[in-house]
Amino acid sequence: MRFRTVIPILFALVAALFACEEDSTGPHSPAPPDTWRFFVIQTTMGDIKLELYPDKAPVTVENFRRYAREHFYDGLIFHRVIENFMNQGGGFTPAMIPRQPDHPPIQNEAGNGLSNARYTIAMARTSVVNSATSQFFINANDNTFLDHHDETTQGFGYAVFGNVIEGMAVVDSMNVVPTGPFKGYNDVPQTTILIQSVRSVPATR
């Protein structure tokens with residue numbers, strides 16, 4: 001899989017992997033300046049604090065912020081975990097029932113110069129370049145083979161839009177939980193990793 005940039009058929013496998021893909025201010029109101037870039041994903045394994053990059057990935061960041069504002073992620077799970085690769089969430093309930101996204105797919109901003117390095121957060125998608133909606137993944141390794149390499153379908157890559165700045169140990173612990181098949185899906189954690197909330201927070205928190 002790590003050679004998909006030179007073996008296109010392996011790219012299709014990566015794409016298939018990811019296919020299993022409000023606060024009171026209201027959905028269109030801007031967040032206070034100090035909360036534009038900082039979010040906490042509260043999970044049953046601990047909190048993960050993110051710094052997002054609206055200057056590098058404005059469409060992707062606003063998409064994530066909108067789903068968080070609307071409480072879309074509350075009660076969903078990290079439904080796919082692959083050791084030494086990534087932790088994916090934002091699309092399924094604990095019963096592995098898909099929660100249908102409320103908004104259209106977004107433009108893929110993978111060509112923004114950000115790399116799928118360890119502890120970065122990026123958008124999951126299908127093999128269609130501009131197909132990301134609500135699902136995201138946190139890289140548990142330096143997955144540079146997922147980066148933007150060219151404008152082709154095989155080389156376009158996965159858009160990074162932020163970085164974990166607190167809770168790296170949570171990401172690491174999550175990445176080694178036992179997994180297995182469940183309701184037709186693979187790599188599902190055998191113990192539910194629940195997303196309790198995703199909220200913007202002040203930079204000083």
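Please report the accessible area of LEU194 (heavy atoms, 1.4 Å probe, ligands and nucleic acids excluded) in Å², nearest 10.
My reading of the accessible area for LEU194 is about 50 Å².
Quick one: Debye curve from the C-alpha atoms of the range 82-205, no solvent, what's log10 I(q)/I(0) at q = 0.13, 0.16, 0.23 Å⁻¹?
Each listed q corresponds, in turn, to -0.57, -0.87, -1.51.
Based on the alpha-carbon gyration tensor of the range 69-153 and its eigenvalue square roots a ≥ b ≥ c, which shape applies: rounded if a/c is under 1.5, prolate if not and a/b is larger than b/c, or oblate?
Oblate shape, in that a/c is at least 1.5 and b/c is the bigger or equal ratio.
Just check the range 63-118 against the gyration tensor rule for me: Cα atoms, a ≥ b ≥ c as the square roots of the eigenvalues, rounded for a/c under 1.5, and otherwise prolate or oblate depending on whether a/b exceeds b/c.
The shape class here is oblate.
Please report the carbon-and-sulfur percent of the accessible area for the range 110-194; probe 1.4 Å, protein heavy atoms only, DNA, RNA and ligands left out.
Of all accessible area on the range 110-194, carbon and sulfur atoms account for 52 percent.
Provide the per residue accessible area, probe 1.4 Å, for the range 80-205, rounded to a whole number of square angstrom. Intermediate values should be presented prior to the final figure.
Working: 5320 Å² over 126 residues.
So the range 80-205 comes to 42 Å² accessible per residue, rounded to a whole number.
Can you tell me which of 180-191, 57-68, 88-99 comes out highest on packing, and rank the rest after it, using the mean Cβ neighbours within 10 Å?
By packing density, highest mean first, the sequence is 57-68, 88-99, 180-191.
At a 10 angstrom cut-off on C-beta neighbours, averaged per residue, how do the peptides 160-169, 117-126 rank from highest to lowest?
117-126, 160-169
Please report how far the C-alpha centroid of the range 118-168 lies from that of the range 175-205, rounded to the nearest whole angstrom.
Result: 17 Å between the Cα centres.
The values are calculated or read from the model by the stated rules, or taken from the named source; none is laboratory data. Small disclaimer: the values here were computed from a predicted structure and weren't measured. Neighbour counts are summed over all protein chains in view; Cβ atoms, including those assigned to glycine, are modelled from backbone coordinates with ideal geometry. With ligands, DNA and RNA removed, areas are computed over all heavy atoms of the protein, side chains included. Shrake-Rupley method; radii C 1.70, N 1.55, O 1.52, S 1.80 Å.
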